[in-house]
Amino acid sequence: MNSVIRWDPFRNVSNLQAQVNRLFESTLPGRGSDSSLTTWAPAVDIYETENELVLKADLPDVNEKDIDIRIENNTLSIHGERKFEQEAKEENYLRVERSYGSFTRSFTLPSTVDTEAIKAEYKNGVLRVEMPKRAESKPKQVKVNVTNGTK
């Protein structure tokens, strides 16, 4: 008696995915077991108000002196470093998932930003960069007097 085996096209997908992951971990720099000590890029939020653009970047455990903000050719660049400071011996760490090392984030600024008036503040692990808009780029409201056409 012949038994019928149902074909499942997804049966070996997880095995294939594991093999592909191992392939990339062994060939690409910055992957694998030492990936927590490689470079990283902090997450940012950028939003616009009527008067300014605001950038907020998450930089937990980054020392304020290790943050460098520059504006060059209408590009805002944030450079910094989160250092791996061992509080215990390396062999005592069970897991290291946070990323460490140098980072750079760059953003092209619109011509409406007044680059001379940009301010930055670092508080509670969050960098806040306020970029005021130029006065001429802010919306203006003009009041129009309507008459009924009689003199």
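Of the residues making up the range 96-112, not one is modelled with pLDDT under 85 and more than 20 Å from Leu59 (Cβ to Cβ). For first residues located in the range 61-80 and under 13 Å from Thr104 (Cα atoms), partners that are in a helix (DSSP H, G or I) and acidic (Asp, Glu) and lie 6+ apart or on another chain with Cβ distances below 8 Å form the pairs Gly80/Asp66. Scanning the range 102-109 for residues that are more than 17 Å from Asn51 (Cβ to Cβ), in contact with a Pro (Cβ under 8 Å, 6 or more places away or on another chain) and surrounded by 13 or more Cβ atoms within 10 Å (Cβ to Cβ) turns up at least one hit.
Residues that are out of contact with any Gly (no Cβ under 6 Å at 6 or more places or on another chain), under 19 Å from Glu121 (Cβ atoms) and not in a strand (DSSP E or B) within the range 60-75 comprise Asp61, Asn63, Glu64, Lys65, listed in sequence order.
Can you tell me which of Arg82, Arg98 is surrounded by 15 or more Cβ atoms within 10 Å (Cβ to Cβ) and over 21 Å from Glu52 (Cα atoms)?
Arg82
The values are calculated or read from the model by the stated rules, or taken from the named source; none is laboratory data. Small disclaimer: the values here were computed from a predicted structure and weren't measured. Every residue, glycine among them, receives a Cβ derived from its backbone with ideal geometry; neighbour counts consider all protein chains shown.
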